[in-house]
Amino acid sequence: MEQKLYTARGLKFLSITFFTLILWELLTQLFFLYSYANNIVSPYLNYGPYILMFLAMITFFLGIFLIWKGRSEIGNNHIKSVETGLWIIIILLATASIFAMFLDRTIWNSLSFFIANLMMMLVSFYFLKNIANKQIRNTIWIAIFMFVILNPLIPIIMYVMSNDYYIYLYRFILQILSLVIPYILLAICYYKTYKVTKKQS
């Protein structure tokens, strides 16, 4: 049996990516609530989340590189899935770049954030499609649907219910449901697949 060294290492880095994103999102929301509750805006509170985001970007692209390098370790179907995942990355990043030239900065920031997360989630499905069991594939789709359905509700609720006293509590809950839980699901999917693939290596 051909060893799956690059694939296993790629899966490990991608699992680290989503565990890091969980910490990033939780810290971001806690710092936001702290700043709101104490009516202060401190740039120093953002250092932690910025460092975590930078780490997540490094591990994500390193994981992608290793998955691509080891694409032939599993079979032709996996090669096609990995190539599809790479095309998704290229197309969505190009789309975000085009939007950046025409949209207002605030709108573009929100849209680019949505596109980046959608990209990571869709790519996860194609990277794991031929090396994970049906339960893991279904879990990935659950994460995608939670994000796609719930995340766009955040700006809508912030606009419609702007005068509600609990508006930031609603925002916090939606952030947890639309991002943290999908991140947790994807981290578990990558980690479980990594453990299985590592045994085969």
**Request:** Out of F13, F19, report the one residue that is farther than 18 Å from I89 by Cα, at pLDDT 90 or above and buried (at least 17 other Cβ atoms within 10 Å of the Cβ).
**Result:** F19
**Prompt:** If we scan the stretch 91-108, do we find a residue that is under 18 Å from Y191 (Cα atoms), at pLDDT below 95 and part of a helix (DSSP H, G or I)?
**Reply:** no
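Residue-wise test of (1) part of a helix (DSSP H, G or I); (2) under 13 Å from the mean Cα position of the chain (by Cα).
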site: F113; (1), (2): yes, yes
site: N117; (1), (2): yes, yes
site: N130; (1), (2): no, no
site: N138; (1), (2): yes, no
site: M146; (1), (2): yes, yes
site: Y159; (1), (2): yes, no
site: P182; (1), (2): yes, yes
site: A187; (1), (2): yes, yes
site: Y190; (1), (2): yes, yes
**Residue among T197, T95, T139, T193 that is surrounded by 14 or more Cβ atoms within 10 Å (Cβ to Cβ) and in contact with a Cys (Cβ under 6 Å, 6 or more places away or on another chain)** = T139
**Complete:** Restricted to the stretch 1-10 and to residues being in a helix (DSSP H, G or I) and out of contact with any Leu (no Cβ under 7 Å at 6 or more places or on another chain), the residue modelled with the lowest pLDDT is L5
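The values are calculated or read from the model by the stated rules, or taken from the named source; none is laboratory data. Quantities reported herein were computed from a predicted structural model and do not represent experimental measurements. Methodologically, a virtual Cβ is constructed for each residue, glycine included, from the backbone with ideal geometry; neighbour enumeration extends over all protein chains shown.
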